[in-house]
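Below is one structure, written out as C-alpha cells; comments come after it.
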Amino acid sequence: MKLLQDMISPHLEHLLSAKGVKKGTWESMLQPSREASQGDLTLPCFPFASVLRMAPQAIADELAASFPPLDALLSVSSVNGYLNFKAHPEWLTNAILSGEIYVGNALENSGKTGERVLLEHTSANPNGPFHVGRARNAILGDTLVRLHRLHGDDVRAEYYVDDMGKQVGVLAWALENLGKEDVENLLSEREPPSERWADKADHQRVRWYQAAQLLRNDADEARKSEIEKEIGQLVHASEHGDVGVLESFESAYSPVLDGMLTTLSRLGISFDTFTKESTFVVNGTVSELMKTLDSLEISGTADNGAGYLDLGQRGLKGKTEFFYRRGDGSSLYATRDVAYHMWKWGESNRLVNVLGEDHKLQAKQVGMTLEELGQQRPNVLFYSFIKLPEGKMSTRRGNVVFMDDLLEEAHAQASAVVRELRPEYDDEKVAQIAEAVGAAAVRFNIIKVSPEKGFTFRWEEALAFEAGSAPFIMYAHTRACSIARRVVGLPVSELERPTVESMPEGLVELLRLMCTHNDVIERSVREQKAHLFALHMLELANAYNGFYRDCPVVQNDKVDSFAFSISEMARELMRSGLEGLGITPIEEM
RNA sequence: GGGCGUGUAGCACAGCUGGAUAAUGCAUCGGCCUCCUAAGCCGAAGAUCGCGGGUUCGAAUCCUGCCACGCCCGCCA
C-alpha cells in the first residue's frame, strides 16, 4: 500500500537513522504484510539485530513505542520481531473519497506517464484459423496492452505480419496449383471442415495449406521434388524482395489474416498497426544491416559465403554461431527481425514482445545482436504452450481446438446458464450477456495463470462460470450497477462518514483493497504479470461481495450516502479493471 | 549431451527481490434466499512446498546434486 508507505517512511527514517540504520538497508523491507490480519505494512526487524546488538523483538517494541501517532495509522504494533502498521480506515476512506485512487482507462491512451510503449504480440503466421494454443499470445499481449493503458502509458499494439518465406509460400503455391477437388481428395481421411465456418476464409484456405503439406510429405519422389522446386523459387523470390511474388503472397494470406482478426475481435482484441516483414527487405534496410554485421569484430564467414556472428565471444552458451545471411546472400528470419527491432526503437521508447517459449534462443540472439549494434534489447514476455489432453496442438496435423469453436461453445454454455437463472430475460438480452460472459470466461481462464506455466486445455475448466472465474467479477460489478439503478429517485441521507468502531469488516476490507488497486496495476505492468492483476480483481470482487453483505446502501427506501459513494467508487474500479482484463463490464447478468 | 523453464492439498493455481499460522478456486462435508441479482455469502476438512545436501537468526523462495515433465540447440519460420 504505497499511500501508507509514503506516510510512514519519513518517520521510520527519522527513528532508524537516529540509531545508525541507513535508509537503503530497510527501505525495500517495508512490505505489504503477509498476514493481512496483522496489518497493511510490515517491517521485519531481524536484520537490525546484529547491527544494533539488540533482540529483534526489543527493536520492534522500541520502534512501536516511539512511533508518532498519525492520522493515517490505526495502530503500530510489535509482534515477534515484526513491526506492523495498520492503516486507519477513516484515513483510507478519506483517500478514496478525495480521489487519490486513480481509476484509469484501459481503452484509450492517456499520456499520463509519458511512456511510449510499442507492444508487439500475436504475429501468427497467416496460414490458418486461430487455435487455442496460438491464442495465449494474443490474450496475454492484449491484456498487457490494456494494463499499460490503465496504468497511463501510451501504447501501440502491433502485429508483425509474416508475409514472406516458406509458410506463406506453401499457402500461395497451394492456392495457385490445387483445385477444390484435389484438396478434398487429399484430405479425405481428415475430419471434414465444420459447416459453421464454411464462409470464413481462414477455415477454407487452411485446407489448401494442409493439403500442400500432405503432398510435400507423401507424394511420389518426382512430384515431391517438382513441388519443392516450385515453392523454393517462390520463397527465394520473396526473400529477395520480388514485389510481384510478394503481392501474390499477400492476396493468398490476406483473407486468412482477416479471418483470424475477426476471431480475435470477438475476444476484444485489436491492433493499432500492422508491419509487414517484407518491408525491410524491399526498402533495403536488411541488406544495409547485413553489411554492418559483416564489419563487426565478432563476424565470420562460412565456406559458402554465409555470414554469422560468433556470439560465444559475448558469453552465449551452447550453439554460439548466429547466422544472419545464407550462402546465396539472402537474409534469414532473424536478420529481418533485427532490422525490424531497429525500426521499432525509432518509433517508441519502450519495446515489449510476447513470444512463445520456442523463441527463447532466437530472441536472445536478436537481443545480443542489437546490443552489438549499440541498441537496446526489447523486453520479452515468454509463455509456455497450451496442450490438449491428447497432446500438442498442431494446425498441420489437424489436432486443434479452434478459437472460433471454443467461443461458440462458451456462448452456448453461458446462454444456457442465463436462461436457467433469468427466465425473464428476452432472447436479445440473453445473447448479449452470453457473448460477454463466454468471451470473458475464455480470456480469464488463460490470463489468470502465470505465463511460464504450461497448461492443458480442458473444456470444463475453460467454461466454468463459478467463483474464481471472470463471471464472478462481472457479477460483483452488476451488483454495484444494480444498486446505482435502485438509488435513482430515492431520498439520500447527508454524507456522514462512519467512525472506525461502526465500520463492519466487509467495509474495511473493501477500503483496504481499493487502496492497493493502483499498486497492483503498477506492479503487473512493471513485471509484465497480468495474472497478478487478474487475481487482484478476484479479491476486489470478493471484497465487494463482503461490503454488499455488511453495508446496505438502500434501506427502508432511503439511501445511505456514504455507503453509496464507496459502492460507486468500487463500481468504477471494477469497471475499468474488467476492461483492463479485456472483459466487457455488463450491467446486468 | 548442452541451454532455458516447470514441479506447492484429490484436481487446478498464487506466493519465489529470503520473513509470521503457505493464499485462492474446483471437488468433499455443513449452514444461509419474506432482505440492494444466491453466477452470491458463512463455516469445516484437506499440504512430507519433487527428493537429498548446503548457506542463514529464519528457506516454498538463495546455492548445489539428483529425479520427472516441457521447450530449444536449422545457412527453417
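The values are calculated or read from the model by the stated rules, or taken from the named source; none is laboratory data. Fair warning: this is a prediction, and the values are worked out from it, not measured in the lab. Cβ placement follows ideal geometry from the backbone for every residue including glycine, while neighbour counts extend to all protein chains displayed. Just the protein is used for accessible areas: all its heavy atoms, side chains included, with ligands, DNA and RNA removed. Shrake-Rupley method; radii C 1.70, N 1.55, O 1.52, S 1.80 Å.
Just checking, does segment A:508-516 include any residue being open to solvent by 50 Å² or more (accessible area, probe 1.4 Å), in contact with a helix residue (DSSP H, G or I) (Cβ under 8 Å, 6 or more places away or on another chain) and away from RNA strand B (no atom under 15 Å from the Cβ)? Checked against the condition, which is being open to solvent by 50 Å² or more (accessible area, probe 1.4 Å), in contact with a helix residue (DSSP H, G or I) (Cβ under 8 Å, 6 or more places away or on another chain) and away from RNA strand B (no atom under 15 Å from the Cβ), segment A:508-516 yields no hits at all. Put simply, of A:PHE465, A:PHE472 the only residue that is assigned to a loop (DSSP other than H, G, I, E, B) and within 11 Å of RNA strand B (Cβ to nearest atom) is A:PHE465.
Would a scan of segment A:191-214 turn up a residue that is open to solvent by 40 Å² or more (accessible area, probe 1.4 Å), modelled with pLDDT of 95 or more and acidic (Asp, Glu)? Scanning segment A:191-214, I find no residue that is open to solvent by 40 Å² or more (accessible area, probe 1.4 Å), modelled with pLDDT of 95 or more and acidic (Asp, Glu), so the answer is no.
Here is a yes/no grid of residues against (1) within 12 Å of RNA strand B (Cβ to nearest atom); (2) without any contact (Cβ under 8 Å) to a residue 12 or more places away in the chain:
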{"site": "A:VAL282", "(1), (2)": "no, no"}
{"site": "A:LYS291", "(1), (2)": "no, yes"}
{"site": "A:LEU309", "(1), (2)": "yes, no"}
{"site": "A:ARG314", "(1), (2)": "no, no"}
{"site": "A:ARG325", "(1), (2)": "yes, no"}
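Residues in segment A:329-371 that are near RNA strand B (Cβ under 7 Å from one of its atoms), over 22 Å from the mean Cα position of the chain (by Cα) and in contact (Cβ under 8 Å) with a residue 12 or more places away in the chain: A:TYR333, A:ALA334. Filtering A:LEU535, A:LEU507, A:LEU495 for residues that are of a type in the set (A, V, I, L, M), farther than 26 Å from A:ASP154 by Cβ and modelled with pLDDT under 95 leaves a single hit, A:LEU495.
Yes/no matrix, rows are residues, columns are (1) exposed (fewer than 14 other Cβ atoms within 10 Å of the Cβ); (2) touching a helix residue (DSSP H, G or I) at 6+ places or on another chain (Cβ under 6 Å); (3) among the acidic types (Asp, Glu); (4) under 30 Å from A:TRP343 (Cβ atoms):
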position: A:HIS359; (1), (2), (3), (4): no, no, no, yes
position: A:MET368; (1), (2), (3), (4): no, yes, no, yes
position: A:SER384; (1), (2), (3), (4): no, yes, no, yes
position: A:LEU388; (1), (2), (3), (4): no, no, no, no
position: A:LYS392; (1), (2), (3), (4): yes, no, no, no
position: A:ASP405; (1), (2), (3), (4): no, no, yes, no
position: A:GLU408; (1), (2), (3), (4): no, no, yes, no
position: A:VAL418; (1), (2), (3), (4): no, yes, no, no
position: A:GLU424; (1), (2), (3), (4): yes, no, yes, no
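The strands (runs of 3 or more DSSP E) found entirely in segment A:69-169 that carry 2 or more residues being open to solvent by less than 20 Å² (accessible area, probe 1.4 Å) and on the phi < 0 side of the Ramachandran plot are A:82-87, A:116-120, A:154-161. Set side by side, the residues A:GLN362, A:GLN313 differ, and just one is modelled with pLDDT under 95 and in a helix (DSSP H, G or I), which is A:GLN313. Within segment A:438-451, being in contact with a strand residue (DSSP E or B) (Cβ under 7 Å, 6 or more places away or on another chain) and within 7 Å of RNA strand B (Cβ to nearest atom) holds for one residue alone: A:VAL449.
Just a yes or no: is a residue in segment A:344-356 in the same structural domain as A:ILE139 (by TED's automatic domain parsing), part of a helix (DSSP H, G or I), out of contact with any His (no Cβ under 7 Å at 6 or more places or on another chain) and surrounded by 14 or more Cβ atoms within 10 Å (Cβ to Cβ)? Yes - at least one qualifying residue is present in segment A:344-356. Annotation: of all residues in segment A:31-44 being near RNA strand B (Cβ under 8 Å from one of its atoms), part of a loop (DSSP other than H, G, I, E, B) and touching a strand residue (DSSP E or B) at 6+ places or on another chain (Cβ under 6 Å), the one that is most open to solvent (accessible area, probe 1.4 Å) is A:GLN38.
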